[in-house]
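Everything below concerns the one structure shown next.
The values are calculated or read from the model by the stated rules, or taken from the named source; none is laboratory data. Remember, predicted model here, so these are calculated numbers, not experimental data. Here the Cβ is made from the backbone with ideal geometry for all residues, glycine too, and neighbour counts use every protein chain on show. The accessibility values were calculated without ligands, DNA or RNA, using every heavy atom of the protein model including side chains. Shrake-Rupley method; radii C 1.70, N 1.55, O 1.52, S 1.80 Å.
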Amino acid sequence: MEHTQPGYITMLIIDGKKVSLDLKNELKASVDTCKAITGKVPGLTLIIVGDDQASQAYVRNKANTCKEIGMISSVIEMPAETTQKDLLETIHALNNDPAVHGILVQQPLPEQIDEFAVTLAIDPSKDVDGFHPENLGRLVMGHLDKCFISCTPYGILELLGRCNIETSGRHCVVVGRSNIVGKPMANLMLQKLEAANCTVTICHSATRNIAFHTRQADILIAAIGKAGFITADMVKPGAVVIDVGMNRIEDPSAKSGSRLVGDVDYEGVSGVASAMTPVPGGVGPMTIAMLMKNTLQSFQRINGL
Ligand code: GUN
């Protein structure tokens, strides 16, 4: 997990792949116990509209992970020209299906469909993405017992906790204000929780002198969507840097002609940070593991376990 930097600084590479494997093994054991107690199996339904290749790969990955840990998954593929009405009807049927414990509609959706209307249509008790305003509201208010937390922020919290990163009272700077990552992430780090309890700053595209703010961070979370945006001069020496970015860039030397990079300039920042997540193999695997955790939790709540 560690490697040594020139100048005798040891930087921790936060290995999300390994942590997610540990977590999936624990979840598999819990799924087995749930099956033994109830005679029922936790089930996740994934809906994909259209034929976006990246989305299809993500959905396949999520379905395969369900299988790995002993849960049932089903994938509903709908054509790109699907109407909002048809999608909402499909969601309503799943809301009423007792064998379905989690519903996920893969984003982005085609432009004729209002993403917010879709988010509102999913029963909050099956919203394992944690996107419904009821779940986001519960998170903001600190009522986490009946809430689903959005999988990427939840995965980062789990990663910080399992890697014993000290967070309480420290300054966390989140760069990015999306509803899926930035906003829930900042609110989660603010909560009085282990691996959180931070002073929090949110930066975004209109922030002036962004480097001034990022340099204040003890924990810097980059969720911008721009390859290599965070450079070494933007990072306080010794900071913990979490890279949420998944940017595909051209690389003629790669077999596929492209490769995946984060929002952080890994080479430069690894000479300044005390710990950081790589891309791939950092935050990404944790997001899927937390989707599994949320689905299992939904099953447990529905079955009174
Ligand atoms: N598209 C990219 N990430 C996600 C996610 O976490 N959930 C859903 N539903 N769509 C996504």
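The table below gives the values:
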{"read-out": "Flag if residue 259 is basic (Lys, Arg), closer than 30 Å to residue 74 by Cα, without any contact (Cβ under 8 Å) to a residue 40 or more places away in the chain and open to solvent by 30 Å² or more (accessible area, probe 1.4 Å)", "value": "yes"}
{"read-out": "Filter result for the condition that a residue is in contact (Cβ under 8 Å) with a residue 60 or more places away in the chain and away from the ligand (no atom under 16 Å from the Cβ), over 234, 276", "value": "276"}
{"read-out": "Test: residue 239 is crowded, with 19+ Cβ neighbours inside 10 Å and small (Gly, Ala, Ser)", "value": "yes"}
{"read-out": "Matching residues, the range 73-99, being more than 15 Å from the ligand (Cβ to nearest atom), outside any strand (DSSP E or B) and within 23 Å of residue 57 (Cβ to Cβ)", "value": "79, 80, 81, 82"}
{"read-out": "Near pairs, Cβ below 7 angstrom, 6+ apart or cross-chain, from the range 25-42 (of a type in the set (S, T, N, Q)) to any residue that is in a loop (DSSP other than H, G, I, E, B)", "value": "38/303"}
{"read-out": "Scope the range 22-40; condition within 24 Å of residue 96 (Cβ to Cβ) and surrounded by 15 or more Cβ atoms within 10 Å (Cβ to Cβ); matching residues", "value": "31, 34, 35, 38, 40"}
{"read-out": "Residue satisfying all of: in the range 164-175; out of contact with any helix residue (DSSP H, G or I) (no Cβ under 7 Å at 6 or more places or on another chain) and part of a loop (DSSP other than H, G, I, E, B); nearest to the ligand (Cβ to nearest atom) among these", "value": "165"}
{"read-out": "Residue within the range 176-191 that is more than 16 Å from the ligand (Cβ to nearest atom), under 23 Å from residue 293 (Cβ atoms), of a type in the set (Gly, Ala, Ser) and at pLDDT 95 or above present", "value": "yes"}
{"read-out": "Subset of the range 110-159 [charged (D, E, K, R), open to solvent by less than 40 Å² (accessible area, probe 1.4 Å) and within 11 Å of the ligand (Cβ to nearest atom)]", "value": "127, 129"}
{"read-out": "Output for the range 6-64, where each listed residue is charged (D, E, K, R) and not in a helix (DSSP H, G or I)", "value": "15, 40, 51, 52"}
{"read-out": "Residues satisfying the stated conditions in the range 42-75, i.e. open to solvent by 50 Å² or more (accessible area, probe 1.4 Å) and under 13 Å from residue 102 (Cα atoms)", "value": "72, 74, 75"}
{"read-out": "Residues being buried (at least 23 other Cβ atoms within 10 Å of the Cβ) and over 17 Å from the mean Cα position of the chain (by Cα) - total across the range 265-277", "value": "2"}
{"read-out": "Cross-chain or 6+ apart pairs with Cβ under 7 Å, the range 141-153 first and in a loop (DSSP other than H, G, I, E, B), then among the polar types (S, T, N, Q)", "value": "142/191; 147/135; 148/135; 148/294"}
{"read-out": "Which listed residue is away from the ligand (no atom under 16 Å from the Cβ) and modelled with pLDDT under 95, from 6, 42", "value": "6"}
{"read-out": "Unique match (being under 30 Å from residue 126 (Cα atoms), outside any loop (DSSP other than H, G, I, E, B) and open to solvent by 10 Å² or more (accessible area, probe 1.4 Å)) among 280, 285", "value": "285"}
